[in-house]
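Enquirer: Right, I'll just put the structure down here and ask away after.
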Amino acid sequence: MAYKLTDKKSIRLLTVLSWMIYFSSYITRLNFGAILVEFIQSEGIMKSAASAITTALFVTYGAGQLISGYLGDRVSPRLLIFGGLLVASVCNILMPLVSPSISLMAVVWGINGMAQAMMWPPLVKICASALLPDDYNRLMPVIGTSCAAATISIYLFSPLIISISGWKLVFYIAAAIATAAALVWFILTAPLLKNVSFAALSVTEKKEACTANRAVWKLLPVILLTIAMQGILRDGITTWMPTFISETFKVDSTVSILTGVAVPASHMLVGLYVYRVLAAMKRDLFATIALYFAITCGLLLVLLLFGKSAMLLATLLIAVGSAGLHGINSLQTFYLPELLGGTGKISFYAGLINSATYVGSALSTYLFAVISEMYGWDATVISWVAIAAGGLLLTMLCMFTLRKNGNAGIV
């Protein structure tokens, strides 16, 4: 049997280091979005031009997930993470220096997107290789809360930093945090992971994994579609929630900041209970995902019917519904990779799943903008309900298909 971390101190250290790495990654990825309004106003940049910078990161991040997933199963995942975070730090230092050239900033931020892609698939590979299955299943949702914590932090502290010294300081502070995190990771993981094997599966192990997961693998196109649908809803609702609240209830734009914090806060709370819900559902992954889709669909339907009656109610429904989508994302990104490919190819499948999520995320910004402009917010919310219902039906299809093939959906 391959070496695993079993003592509580080592497991706790790996959890803390993994949380720190992904928190730092998000800080160096989300900061441009957090300072976007100030950047446009202070530099006199058109919104359409500034959006090209964000688009560059989306494109390279999505494509980079597949590259990172492939590399994570073949080279040291520990060094991939270290190198990726260092490059992200350098990109954050360069952003203020090449401003206000949109073309140069887009190139730098595109490189940052590729560097950011080197984080998640290798991190999944490390945790799956170093931890026993029960520890992996229990701790991955805890590590996942780093995303919400980083989002809250960057959107709360960016206005304060801007008021002190302008938007450029946000990038320098993010770079300092990420550099420190990369060095701590590099130093502490060397002894921690020295006995852990990250080798690919043997031919015999590959055949066994293929046989055990064949039923799941055959459903991969449907599974990827449900992942993309989750991405469309999760990031689409998060992106357009402030505009929905502002235009529906005619409130000041400062409310957008508050709602922007409420959503990741609810994500964090749900993330802490993902494993408990999965355990309560007897570790049936697709049944648990279906449950979250059903809850989200129901909340969005209530939003459609009664959401316009009170801003607080609408905010609560969107925040909790978005949290349900975050739960789906956690279940898909944490547990599907190993179910699909086993530990030997877990980095590749983690990258594939994250890439599918990104495809949905990229579509959401344009899709919901068009629907809301042409048909209004009622039609937009109807589309949210329809996509959630579609995700529920497709997940149930996977669930019932796998049940005919034994326990293929059990993690």
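Enquirer: Relative contact order of region 39-162: what whole-number percent is it, with Cα pairs under 8 angstrom and at least 6 residues apart?
Expert: Relative contact order for region 39-162 comes out at 33 percent.
Enquirer: What are the ³J(HN,Hα) couplings of region 225-239, residue after residue, when phi is run through the Karplus curve with 6.51, -1.76, 1.60 and θ = phi - 60°? Round to Hz, x for glycine and proline.
Expert: So the J values, rounded to whole Hz, are 5, 5, 5, 4, 5, 4, x, 4, 6, 4, 7, x, 5, 4, 5.
Enquirer: List the residues whose amide H sits under 5 Å from the amide H of LEU272, counting only those 5 or more places along or on another chain, with H placed 1.01 Å from N in the peptide plane.
Expert: Under 5 Å from the amide H of LEU272 lies no amide H from a residue far enough along the sequence or on another chain.
Enquirer: Then there's this: Keeping the other protein chains in place, figure out the carbon and sulfur percent of the accessible area of the chain, with a 1.4 Å probe. Let's see the in-between values first.
Expert: Numbers: 12230 of 17350 Å².
Ligands and nucleic acids excluded, carbon and sulfur reach 71 percent.
Enquirer: Let me ask you something else. Fully extended, how many nm does the chain gain between PHE157 and TYR366 (0.36 nm per residue separation, minus their Cα-Cα distance)?
Expert: This chain segment gains 72.4 nm when fully extended.
Enquirer: Right, next: Compute the FRET efficiency between LEU13 and ARG403 as 1/(1 + (r/R0)^6), taking r as their Cβ-Cβ distance and R0 = 45 Å, and round to the nearest 0.05.
Expert: Efficiency, from the Cβ-Cβ distance: 0.70.
Enquirer: Kindly rank 6-15, 35-44 from highest to lowest mean number of other beta carbons found within 10 Å of each residue. Mind dumping the intermediate values first?
Expert: Values: 6-15: 14.1, 35-44: 15.7.
Descending packing order for the listed peptides: 35-44, 6-15.
Enquirer: Same structure again: Below 15 angstrom from the Cβ of LYS218, what's the summed charge of the other residues (Lys, Arg +1; Asp, Glu -1)?
Expert: +3
Enquirer: Over the heavy atoms of PHE82, what accessible area does a 1.4 Å probe trace out, to the nearest 10 Å²?
Expert: The accessible area comes out at roughly 40 Å².
Enquirer: If ligands, DNA and RNA are left out, what is the accessible area of LEU225 with a 1.4 Å probe, given in Å² to the nearest 10?
Expert: The accessible area comes out at roughly 90 Å².
Enquirer: Please get the size of the charge dipole for the chain, origin at its Cα centre, with Cβ charges of +1 on Lys and Arg and -1 on Asp and Glu, quoted in debye to the nearest 20.
Expert: Values: 25 positive and 15 negative charges, 232 e Å.
That gives a dipole near 1120 debye.
Enquirer: How large is the accessible surface per residue of the chain, computed with a 1.4 Å probe and reported in Å² as a whole number?
Expert: 42
Enquirer: What share of Cα pairs, in percent, lie more than 37 angstrom apart in the chain? If you can, show how the numbers build up before the last one.
Expert: On the way: 17351 of 84255 pairs.
The answer is 21 percent, as a whole percent.
Enquirer: Let me ask something additional. Have a look at ILE353, LEU139, GLY391 and report the one farthest towards the positive end of the charge dipole of the chain, computed about the Cα centre with Cβ charges (Lys/Arg +1, Asp/Glu -1).
Expert: The one lying farthest along the dipole's positive direction is LEU139.
Enquirer: A further question on this structure: Name the residues of region 358-395 whose amide N is less than 20 Å from a point 7 angstrom out from the Cα of LEU305 along the C-beta direction?
Expert: 377-393
The values are calculated or read from the model by the stated rules, or taken from the named source; none is laboratory data. Nothing here was measured: the structure is a model prediction, and the numbers come from that model. All Cβ positions, glycine included, derive from the backbone under ideal geometry; neighbour counts span all protein chains shown. The accessibility values were calculated without ligands, DNA or RNA, using every heavy atom of the protein model including side chains. Shrake-Rupley method; radii C 1.70, N 1.55, O 1.52, S 1.80 Å.
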